[in-house]
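Engineer: So that we are looking at the same thing, I have put the structure below in structure tokens.
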Amino acid sequence: MRSYRLPPLGAVKAFDAVATCGSFKLAAQQIGVTPTAISHQIRLLEQFLDTPVFIRGARQVQLTAAGQRLLQASTRAFADLLSAVEDIQRAKSPPTLTLTTTSNFLTHWLVPRLALMKACCPALDLRLHTSLDVMNLAHNAVDVAIRYSMAPDEALDTTLLYEDSFIAVASPALGLTPQGGLLTATLIHVEDRHIPQPAPDWRHWRALYGPAQLNVHAGLRFTDETHAIQAAIAGQGVAIVSRLLAKDFLDKAILCAPFAQTLPGGRYYFVTTREKSQRPDVMALKRWLTHCMAPSGA
């Protein structure tokens, strides 16, 4: 069986550019050489193949039958080469880690600690994504999630980070006290909470702790906990919010918790697929979160 040699790569590259651009001049501009150099490479290719690959016209060039067959092969070959180069470059770079979580958790807990995370995990290339929807971690677009739920997802690699509770918070400027303070305060409501159940709202608070005459229908209403927290900071009233999300404001005395009572909350879980759970960057992020969200550190 007769064996054939491959034509020079430079000549094939010049051919592919001319065939794509339909012009020797444009191909030369694309590659960054002179039209004369392009013409030389095409002559070299045609001599090698012993057949013309272009029909040269006054304004444009057209492919011969041999040129059309060669273009099919060169298109696939250069696409495969480009894909291989991209794979090699990606393999040399640290992997990107995409984390999805809720906007409230990202705003109130994670963002204030990003500098600390970077100091502890300097090689981590983190991308942050927020959504109320449960993202499919089997797809490559998202690697890990911090989910707020009542129970772990047994189909995934799940680590409990924090068991939350809800507390009543207000600005210290309001001067609320445990003795009858709620009756004179404006109640701030967060509506449409799905987790936990029963909802940590003022109706639930009154049923457990009173006072019985507390008007749970009056007050300010929000659909987002972040807005409720900001209203409480602004001195607009008292809100029932996540202890974790309010922690930094409590530590800085921007908010206070005048009442000792709490309502049950959900749980924060670190979630990923079993395949990705052994990635070094995933393991490093999980270790850092587990340490920082432990009761002594959260």
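The values are calculated or read from the model by the stated rules, or taken from the named source; none is laboratory data. Nothing here was measured: the structure is a model prediction, and the numbers come from that model. For neighbour counting, all protein chains shown are included, and Cβ atoms are generated from backbone atoms with ideal geometry for every residue, glycine included. These area figures cover heavy atoms from the full protein model, side chains too; ligands, DNA and RNA do not enter into them. Shrake-Rupley method; radii C 1.70, N 1.55, O 1.52, S 1.80 Å.
Engineer: Scanning the chain for GluC sites (Glu not before Pro) in DSSP loops with at most 12 other Cβ atoms within 10 Å, what's the longest stretch left with none?
Structural biologist: 1-153
Engineer: Also, I was wondering about something else. Quick one: divide the alpha-carbon radius of gyration of segment 9-91 by 2.2 N^0.38 Å and tell me what you get. Before the final figure, lay out each step's value.
Structural biologist: Values: Rg = 13.4 Å, N = 83, 2.2 N^0.38 = 11.8 Å.
Expressed relative to 2.2 N^0.38 Å, the Cα Rg reads 1.14.
Engineer: Only bridges whose two residues both fall in the chain count here: according to DSSP, what percent of them are antiparallel, nearest 5?
Structural biologist: Percentage antiparallel, nearest 5: 65.
Engineer: Give the shape of segment 163-265 as rounded, prolate or oblate, defined through the alpha-carbon gyration tensor: a ≥ b ≥ c are the square roots of its eigenvalues, a/c under 1.5 means rounded, and otherwise the shape is prolate if a/b is larger than b/c and oblate if not.
Structural biologist: In terms of gyration-tensor shape, rounded.
Engineer: Taking 8 Å as the Cα distance limit and 6 or more residues as the minimum spacing, I'd like the relative contact order of segment 35-82 as a percentage.
Structural biologist: After rounding, I find 21 percent.
Engineer: Going by Cα centres, segment 19-40 and segment 190-234 are how many Å apart?
Structural biologist: 70 Å
Engineer: If you don't mind, there's one more thing I want to ask. Under a 1.4 Å probe, what is the accessible area of segment 163-265 per residue, stated in Å²?
Structural biologist: Computed with neighbouring chains in place, this is 48 Å² per residue.
Engineer: Could I ask something else about it? What is the local net charge at R193, summed over the other residues whose Cβ is closer than 13 Å to its Cβ (Lys, Arg +1; Asp, Glu -1)?
Structural biologist: Numbers: positive: R203, R221; negative: D164, E191, D192, D201, D224, E225.
Counting the neighbours of R193, the net charge comes to -4.
Engineer: With a 1.4 Å probe and every protein chain left in place, work out the accessible area per residue of segment 11-116 in Å², rounded to a whole number.
Structural biologist: 60 Å²
Engineer: Can you give me the long-range amide H partners of R193? Hydrogens built in the peptide plane at 1.01 Å from N, cutoff under 5 Å, separation of 5 or more residues or another chain.
Structural biologist: Residues meeting the amide H criterion: none.
Engineer: Students often forget the sequence filter, so: which aspartates and glutamates lie under 17 Å Cα-Cα from K286 once same-chain residues fewer than 8 apart are removed?
Structural biologist: D125, D143, D153, D157, E163, E275
Engineer: Continuing with the same structure: Could you sort R76, R279 by their accessible area in this structure, using a 1.4 Å probe and putting the largest first?
Structural biologist: Of R76, R279, the descending order of accessible area is R76, R279.
Engineer: Something else now. Could you tell me how many degrees, from 0 to 90 and to the nearest 10, lie between the Cα long axis of helix 9-21 and the main elongation axis, the longest principal axis, of the Cα atoms of the chain?
Structural biologist: Roughly 70 degrees, rounded to the nearest 10.
Engineer: Within segment 211-298, which trypsin sites (Lys or Arg not before Pro) sit in a loop by DSSP and count at most 13 neighbouring Cβ atoms inside 10 Å?
Structural biologist: The qualifying sites are K252, R274.
Engineer: Probe radius 1.4 Å, ligands and nucleic acids ignored: give me the carbon and sulfur share of the accessible area of segment 163-265 as a rounded percent. Working shown, then result.
Structural biologist: Values: 2570 of 4940 Å².
Summing carbon and sulfur atoms, their accessible area is 52 percent of the total for segment 163-265.
Engineer: Helix 35-49 versus the longest principal axis of the chain: what angle, 0 to 90°, nearest 10, using Cα atoms?
Structural biologist: Orientation of helix 35-49: about 70 degrees from the principal axis.
Engineer: Still on this structure, I have one more. Taking Rh as the Kirkwood radius, which is the inverse of the mean 1/r over Cα pairs, what is the Rg/Rh value for the chain?
Structural biologist: Expressed as Rg/Rh, it is 1.31.
Engineer: If you don't mind, another one. If you add up the charges near L244, with Lys and Arg at +1 and Asp and Glu at -1, over every other residue whose beta carbon is less than 13 angstrom from its beta carbon, what do you get?
Structural biologist: Details: positive: R113, R243, K247, R267; negative: E163, D164, E225, D248, D251.
After counting each charged neighbour, the total is -1.
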